[in-house]
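Following: one structure in structure tokens, then a few remarks.
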Amino acid sequence: MKYKCLNPIAEVGLNIFTEQYEKTDDMNQADIVLVRSAAMHEMEFTDNLKAIARAGAGVNNIPLDKCAEQGIVVFNTPGANANGVKELVIAGLVMASRDIVGGVNWVQTIKDETGVGKLVEKGKGQFAGKEIEGKKLGVIGLGAIGVLVANAANRLGMEVYGYDPFISVDSAWNLSRDIIHVKSRDDIYKNCDYITVHTPLVEHEDPNINTKEMINSDSIAKMKDGVIILNFARDLLVKDDDIAVALKSGKVAKYVTDFPNDKTANMEGVIAIPHLGASTEESEDNCAMMAVKQLRDYMENGNIRNSVNYPNCDAGVCTTAGRIAILHRNIPNMLSQFTGAFSALDINISDMVNKSRGEYAYTVIDVEASDNTEVVAKLTGIKGVLKVRVVK
């Protein structure tokens with residue numbers, strides 16, 4: 001099996017590949033692809049490509065629908081970089097409160113003058129700030145990163161409000177009981193001195209679900225005067241033009257973003273960090289290892305974990321003579337056609353797992369035959385089947 005890396009991937013992850021896997025520079029030969037930030041929307045994929053793993057959480061650089069239609073499973077690595085992002089969010093809280101950046105930059109302007117020590121004592125007052133202890137922090141989105149941020153801020157003495165209508169069981173278990181779980185974003189807006197967003201980018205007609213530009217003039221109007229907003233999740237969660245107006249008026253005291261662009265990089269009151277949230281050795285190692293482990297499990301066992309375009313499915317390790325994986329549309333009468341194909345060739349099915357997610361579904365079938373060439377041809381010809389793969 002051949003893999004291609006579209007970006008540098010940590011060796012600690014690539015070392016998890018066995019001798020069954022060979023690195024290639026030819027995209028057309030690749031069975032699997034590992035990627036970080038490389039743009040893939042304009043790429044053409046051959047029938048040979050079976051899976052793509054994003055060493056990170058965001059998948060905006062990958063054409064998910066196109067991949068789903070071609071039976072290509074796309075994985076990401078949620079939570080692998082969570083601690084790195086959490087630490088930078090906490091740093092952002094402190095930097096925005098204490099004007100550390102302004103102070104550091106000012107020292108560079110006087111470093112060549114005589115008596116720097118005296119000048120520092122005289123001028124430091126212009127950079128006086130506030131402590132975060134005792135202040136109210138609102139965390140919108142309580143996934144892997146949001147939970148860590150909420151818990152860390154709570155331990156630093158902040159009063160933390162959390163909002164997430166889709167909080168998972170795991171996140172709920174990991175969330176400190178001291179976090180105040182609110183029912184709406186408005187509760188965050190009106191109560192909190194600091195607001196940090198940790199949600200995926202979702203476009204939806206329901207304003208309670210939609211997150212695109214959810215920080216806008218309407219939501220900012222509900223916030224406290226002098227609020228500090230932090231965005232270490234997605235650039236488009238915040239409407240740039242509206243944050244510019246709010247910064248100029250003083251409604252928003254500081255905007256800390258890990259996603260500088262042409263507008264925010266030139267705004268007064270913005271602390272623009274060059275997308276360093278996951279830029280730690282540990283995060284890159286964790287993402288690489290998680291991505292490779294997921295790819296191996298899919299290639300060797302047909303199992304799907306942390307896919308963003310197909311359902312998760314765990315069929316365990318195959319102990320029968322053969323295993324066949326079918327990626328198909330989520331439409332009626334598919335399973336009966338699959339079992340009919342095996343029955344027509346007198347092949348016994350020993351186990352079957354079927355999972356669906358939206359428009360797409362995934363079926364894993366264990367059989368007591370090792371040569372399944374004919375049945376694969378039959379399955380491939382069924383309307384609605386996107387890709388058939390012999391796992392074993």
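The values are calculated or read from the model by the stated rules, or taken from the named source; none is laboratory data. Being a predicted model, the structure only gives us computed values, none of them experimental. Positions of Cβ are backbone-derived with ideal geometry, glycine not excepted, and every protein chain shown enters the neighbour counts.
The table below gives the values:
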| item | result |
| --- | --- |
| Search result, residues across the stretch 88-110 that are touching a residue at least 40 places away in the same chain (Cβ under 8 Å) and of a type outside the set (A, V, I, L, M, F, W, C) | Gly92, Ser97 |
| Checklist (1) without any contact (Cβ under 8 Å) to a residue 24 or more places away in the chain; (2) closer than 26 Å to Gly277 by Cα; (3) among the β-branched types (Val, Ile, Thr) applied to Ile145, failing item | (1) |
| Residues being in a helix (DSSP H, G or I) and basic (Lys, Arg) - total across the stretch 1-39 | 0 |
| Qualifying residues in the stretch 240-265 (those that are in contact (Cβ under 8 Å) with a residue 24 or more places away in the chain and among the hydroxyl-bearing types (Ser, Thr, Tyr)) - the one farthest from Ser97 (Cα to Cα) | Thr264 |
| Matching residues, the stretch 103-124, being closer than 26 Å to Gly269 by Cα and not aliphatic (A, V, I, L, M) | Gly103, Asn105, Trp106, Gln108, Thr109, Lys111, Glu121, Lys122, Gly123, Lys124 |
| Residues of the stretch 172-191 satisfying the condition of being buried (at least 18 other Cβ atoms within 10 Å of the Cβ), of a type in the set (Val, Ile, Thr) and outside any loop (DSSP other than H, G, I, E, B) | Ile188 |
| Residue selected from the stretch 25-39 under the condition buried (at least 19 other Cβ atoms within 10 Å of the Cβ) and farther than 23 Å from Val391 by Cα, by the criterion modelled with the highest pLDDT | Val35 |
| Filter pass, Thr264 being at pLDDT below 95, out of contact with any His (no Cβ under 6 Å at 6 or more places or on another chain) and either of a type outside the set (Gly, Ala, Ser) or more than 24 Å from Gly13 (Cα to Cα) (or both) | no |
| Failed item, numbered, when Val202 is tested on (1) closer than 21 Å to Pro260 by Cα; (2) at pLDDT below 95; (3) crowded, with 18+ Cβ neighbours inside 10 Å | (3) |
| Check on Ile209, in the same structural domain as Gly143 (by TED's automatic domain parsing) and crowded, with 19+ Cβ neighbours inside 10 Å | no |
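Residues are listed down the side, and each one gets a yes or a no for (1) buried (at least 17 other Cβ atoms within 10 Å of the Cβ); (2) farther than 30 Å from Thr18 by Cα; (3) of a type in the set (Ser, Thr, Tyr):
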{"site": "Val270", "(1), (2), (3)": "yes, yes, no"}
{"site": "Ser279", "(1), (2), (3)": "no, no, yes"}
{"site": "Leu295", "(1), (2), (3)": "yes, no, no"}
{"site": "Ile326", "(1), (2), (3)": "yes, no, no"}
{"site": "Asn333", "(1), (2), (3)": "no, yes, no"}
{"site": "Phe342", "(1), (2), (3)": "yes, yes, no"}
